[in-house]
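Student: Here it is: the structure, laid out below.
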Amino acid sequence: MSAKQVLLIGGLALAILGMSYGLWYAAFAEHQALDGIGQSLSSSFQAAAEKDSSAAENSLLQYREAKYRYDRQVDVHGHWLGLSMLLIIVAIGYDHVSFSQKLKTLLAWILLIGSAFFPLGVLMQTWSHGPAPRYVAALASAMVIVALAAMVLGFLRRQTA
Amino acid sequence: MATPEPLIAATKMGETGFALMSTRRLLTLAGIGMILVGMIFGDIFAVFVLHQNAAHVGASLAAAAHSAAADETAAVAANFQNTGAALENRGTKVDTHVHLIAFGYLALMLALLQPWVRISAASARKLALFFVFGAVLLPLGVFLIHYVGLAYSPLQAIGWASIFADLGGFMVLAATLGFGVGIVRHFQTRHSPQQDQLLSNRSVPARWLLAGGLFLVLAGFLHGAYYAGVNLYRHEDADYRILLSMSSAAAARNHAQIDQAISDYGQLQGDKAVSIAAHAHAIEFGLLAMLLAFFQPYVQLREAWKRRWAGVLLMGSLLLPVCVQMEMKFGLLAGGIADLGGLLVIVALLAMWIGIVRYTGNIDAMAQGRQA
């Protein structure tokens, strides 16, 4: 596959993945998640009113967990879609980047893999609180930044050439 | 300000050109229109709803905590219901703003990709109309969620507005999938696309927008990475600790500590909101600038004005995220300049949109002349 194909087909695939995930989340999970956040917060203060400190703390822990999951699930949707748009725009303007085809294809793959795995790493954080998902997200986001920075350099080379 | 435009496009509907009812023109004008409406909606929301809503949430939370201190369990639940309603009001308006703009970007991208979409002109146009309808239906449905609620809904948790919003999302997804199939077919057939003026444009405003857009996207990424690495977990932990302190203070009937916790909570929410908004807006404006770079040949304004509007758009795109980030330190002054930045982007975008509406087909006609 050429660099442009990698970015274009990869970007469209990510856009469809991000939209499908968002659609599923809005229809089947978001309302329940928001209800859970609101109920646990309310329960905590009701327990405080009844001077039941232990129940209040337990409810707040539930709130923290529900909020942690909700924030990440919404971020996954936003980041997959945002990154997919970036991939497509970069694909359209990739002729402006002045590097060898081999390097351009390598950068395209790095950008695509980073864009796919960064939100996946964030989503994995809702399944496990261990360090592995954080490393996946951090490494993938570094891949996106490095690939994009290299593309900016390639673009600037073209401008000065 | 206008360039004389004697030529009328003779491009057939749905081809790569920009004829009056072509797929590309429909997606371009609808896309920029959606971005404009989304931005104006965002500005109105920021000025007239956001701060009042934040004050309402803070007041409801404070009332809930003080009710807990006074052992009034029923009042606690009532105040949290108020808080939930205010948060829903805010959340649906933010989602309306975000989705309108995101679908506008997607429409512009699909417009640019038309040379690679291997489906008939009529099917492409139907898909484009389907996309635009869904892209308007979803934000409209989301906006109405707060007002329609569960009235006449056949479901327990989801109201009619949500159902229509989901339908809009499904339509956008299906249309994008349709265009995606066309692109895959194009690559399978190895058919080379027509020469596209938009993608080979090297004009000064196009280069400014492309370089400025790339810079903004990269800056937004670095800011986001810094926030995630340094502040995200600290903020999440602080959110829990402050609420725990508020709840403990309520149990101990310590009203002074409740007020302190409420104040800390407001400060924390502000810190989080400005960081996320600065990150998101830098990237979104960067993407917008890059997209608009490709459409410069169709902006029917004099070259000097095209440069001015490109400069204005980039200046606004930089001012807004930078000043939003400084809002917690410099208050209303930074907020006012950020709003001005948003206004600059809107005005520049409107000018470019008008320029594209004025386009009458000289580029397509010249391209056809060369082919003949």
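All of the numbers you see were taken from the coordinates with simple rules; none came from a lab. Nothing here was measured: the structure is a model prediction, and the numbers come from that model. Here the Cβ positions follow ideal geometry from the backbone for every residue, glycine too, while neighbour counts run over all protein chains shown.
Student: Averaging sequence separations of C-alpha pairs under 8 Å and six or more residues apart, then dividing by the length of chain B, give the relative contact order as a whole percent.
Tutor: Reported as a whole number, the value is 23 percent.
Student: Can you pull the three principal axis extents for the Cα set of the stretch A:3-160, in Å, largest first?
Tutor: If we take the Cα atoms of the stretch A:3-160, the spans are 70, 29, 25 Å.
Student: If you don't mind, there's one more thing I want to ask. Which whole-number percent gives the relative contact order of the stretch A:3-160, counting Cα pairs below 8 Å spaced six or more residues apart?
Tutor: 31 percent
Student: Work out the mean other chain Cβ neighbour count within 10 Å for the residues of A:80-92 and drop it here as an integer.
Tutor: The shielding value for this peptide is 6.
Student: Three principal axis extents, largest first, for the C-alpha atoms of the protein assembly as shown, in Å?
Tutor: 86, 48, 45
Student: OK, next. I need two numbers for the stretch B:104-143: Rg to one decimal and Dmax as a whole number, Cα atoms only, in Å.
Tutor: 11.5, 35
Student: Just check the stretch B:209-364 against the gyration tensor rule for me: Cα atoms, a ≥ b ≥ c as the square roots of the eigenvalues, rounded for a/c under 1.5, and otherwise prolate or oblate depending on whether a/b exceeds b/c.
Tutor: In terms of gyration-tensor shape, prolate.
Student: For chain B, find the longest principal axis of its Cα atoms and tell me its angle to the long axis of helix B:204-226, 0 to 90°, nearest 10.
Tutor: 30 degrees
Student: Moving on to the next point. Among residues other than B:L87 whose Cβ falls under 15 Å from its Cβ, what is the net charge (Lys/Arg +1, Asp/Glu -1)?
Tutor: Around B:L87, the charge tally is -2.
Student: Report the Cα centroid-to-centroid distance between the stretch B:265-322 and the stretch B:63-136 in angstrom, as an integer.
Tutor: 21 Å
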